[in-house]
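Accompanying notes for the structure given below.
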Amino acid sequence: MSVSALVIIPTYNERANIPTLVGGLMAHEGVRVLVVDDNSPDGTGQVADELGRAHAGRVSVLHRTSNRGFGRSYIDGMKLALKEPVDLICQMDADLSHDPAQLPSLLAAAAHADLVIGARYVPGGRIVNWPLKRHVLSRFANMYIRAVTRVSAHDCTSGYRCWTRAALAALPLDSFFSDGYSFLVEMLFEAHRQGRHIAEVPITFVERREGESKVSRAVLIESAITPWRLAYGSDRRQPRRTTNAP
Ligand SMILES: Nc1nc2c(ncn2[C@@H]2O[C@H](COP(=O)(O)OP(=O)(O)OP(=O)(O)O)[C@@H](O)[C@H]2O)c(=O)[nH]1
Ligand SMILES: [Mg+2]
């Protein structure tokens with residue numbers, strides 16, 4: 001593989017998962033990792049530092065210390081990633097729901113797209129170990145987002161993605177208003193608004209086995225409101241302050 005890619009992984013209490021994930025990613029030539037840890041109480045940051053020493057030059061860690069947040073972590077990580085000489089910048093969860101073995105299919109599809117989504121809701125996509133309630137909620141969320149925002153992707157909430165440097169660099173990261181998982185919807189909406197070519201490749205998503213989900217009631221409320229703000233909001237250009245910006 002001649003393409004170079006940097007995978008950004010936000011972590012909060014993922015110490016049981018991060019070694020397996022990073023190990024899987026290291027199997028791919030040309031792939032580097034940036035862990036963005038939010039001062040996890042379980043010591044994920046230190047485990048990530050050890051991985052950084054074991055894979056010197058390929059694994060680095062950004063330790064955030066204030067204003068914990070999923071979106072904030074990605075913004076800080078993306079600003080750092082854009083300073084690196086890599087062709088592609090990817091996003092994935094740390095909880096092993098996203099299989100590192102499937103990364104090459106996202107990287108390959110990026111040869112013909114600005115943004116590639118590792119998607120559950122395309123032919124060949126699968127979800128393993130979800131209760132019915134999660135299936136219904138996720139399917140509903142995607143129908144809702146597509147109907148309100150008119151984004152054409154089938155899996156708008158997947159966090160397994162690969163961006164070309166140019167497409168990522170063109171996003172107004174400091175204007176984003178959401179911080180929970182809606183941050184993913186906001187990024188996708190902006191790429192769609194800019195007329196980017198968005199491709200989807202099937203993935204098998206596996207429910208986390210270790211650690212806990214961070215999806216809170218506040219995050220769900222934000223998810224319900226965000227599509228409407230994106231579709232009809234006038235606040236797109238309000239600059240948003242981030243912390244720890246490199
Ligand atoms: N840095 C950082 N990472 C976070 C934060 N919240 C969640 N994450 C990470 O974001 C990724 C997705 O979080 P999850 O809790 O797995 O959320 P989810 O995948 O939507 O929900 P589940 O299906 O229940 O696992 C994981 O790698 C988390 O560790 C945060 O506040 N800061
Ligand atoms: Mg998860």
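The values are calculated or read from the model by the stated rules, or taken from the named source; none is laboratory data. Owing to the predicted nature of the structure, the values given are computational and were not obtained by experimental measurement. Every residue, glycine among them, receives a Cβ derived from its backbone with ideal geometry; neighbour counts consider all protein chains shown. These accessible areas exclude ligands, DNA and RNA; they are computed on the full protein's heavy atoms, side chains included. Shrake-Rupley method; radii C 1.70, N 1.55, O 1.52, S 1.80 Å.
Looking only at residues in segment 97-111 that are touching a helix residue (DSSP H, G or I) at 6+ places or on another chain (Cβ under 9 Å) and open to solvent by less than 40 Å² (accessible area, probe 1.4 Å), which one is farthest from ligand 1 (Cβ to nearest atom)? Before the answer, list the steps.
Within segment 97-111, the first condition is being touching a helix residue (DSSP H, G or I) at 6+ places or on another chain (Cβ under 9 Å), and the residues that meet it are 98-101, 103.
Narrowing further to those that are open to solvent by less than 40 Å² (accessible area, probe 1.4 Å): 98, 100, 103.
On the way: His98: 9, Pro100: 13, Leu103: 15 Å.
So the residue we want is Leu103.
Report yes if some residue within segment 118-129 is closer than 26 Å to Val59 by Cβ and touching a residue at least 12 places away in the same chain (Cβ under 8 Å); otherwise report no. Break it down stepwise before answering.
Within segment 118-129, the subset closer than 26 Å to Val59 by Cβ is 118.
So of that shortlist, the ones also touching a residue at least 12 places away in the same chain (Cβ under 8 Å) come out as 118.
Within segment 118-129 (the criterion being closer than 26 Å to Val59 by Cβ and touching a residue at least 12 places away in the same chain (Cβ under 8 Å)), the answer is yes, since at least one residue qualifies.
Considering each of Trp228, Trp163 in turn, give the residue that is modelled with pLDDT under 95, among the aromatic types (Phe, Trp, Tyr) and either closer than 26 Å to Val33 by Cα or open to solvent by 50 Å² or more (accessible area, probe 1.4 Å) (or both). First the steps, then the outcome.
Working: Trp163 fails: modelled with pLDDT under 95.
Result of the check over Trp228, Trp163: Trp228.
Assess whether His28 counts as being in contact (Cβ under 8 Å) with a residue 40 or more places away in the chain, more than 16 Å from ligand 2 (Cβ to nearest atom) and not in a helix (DSSP H, G or I).
Taking the combined requirement at face value, the residue satisfies it.
Could you please tell me which pairs satisfy a Cβ distance under 7 Å, a separation of 6+ or placement on different chains, a first residue in segment 90-113 that is in contact (Cβ under 8 Å) with a residue 60 or more places away in the chain and over 13 Å from Ile18 (Cβ atoms), and a second residue that is among the aromatic types (Phe, Trp, Tyr) and away from ligand 2 (no atom under 13 Å from the Cβ)?
Listed pairs, sorted by first residue: Gln91/Tyr74.
Output the residues belonging to segment 70-96 that are open to solvent by 10 Å² or more (accessible area, probe 1.4 Å) and either within 16 Å of ligand 2 (Cβ to nearest atom) or assigned to a loop (DSSP other than H, G, I, E, B) (or both).
Passing the criteria: Phe70, Leu82, Lys83, Glu84, Pro85, Asp87, Asp93, Asp95, Leu96.
Given the residues Gly125, Gly52, Gly118, Gly57, which is the only one that is among the small types (Gly, Ala, Ser) and buried (at least 20 other Cβ atoms within 10 Å of the Cβ)? Even if it seems obvious, please write down each step before you answer.
Details: Gly125 fails: buried (at least 20 other Cβ atoms within 10 Å of the Cβ); Gly52 fails: buried (at least 20 other Cβ atoms within 10 Å of the Cβ); Gly57 fails: buried (at least 20 other Cβ atoms within 10 Å of the Cβ).
The unique qualifying residue is Gly118.
Considering only residues that are away from ligand 1 (no atom under 14 Å from the Cβ) and either open to solvent by 10 Å² or more (accessible area, probe 1.4 Å) or modelled with pLDDT under 95 (or both), which ones fall in segment 1-23?
Residues of segment 1-23 that are away from ligand 1 (no atom under 14 Å from the Cβ), as a first pass: 1-6, 23.
Within segment 1-23, Met1, Ser2, Val3, Ser4, Gly23 meet the criteria.
Can you pull out the residues in segment 44-67 that are at pLDDT 95 or above and either within 14 Å of ligand 1 (Cβ to nearest atom) or part of a strand (DSSP E or B) (or both)?
Hits for segment 44-67 are Thr44, Gly45, Val47, Ala48, Val59, Ser60, Val61, Leu62, His63, Arg64, Thr65.
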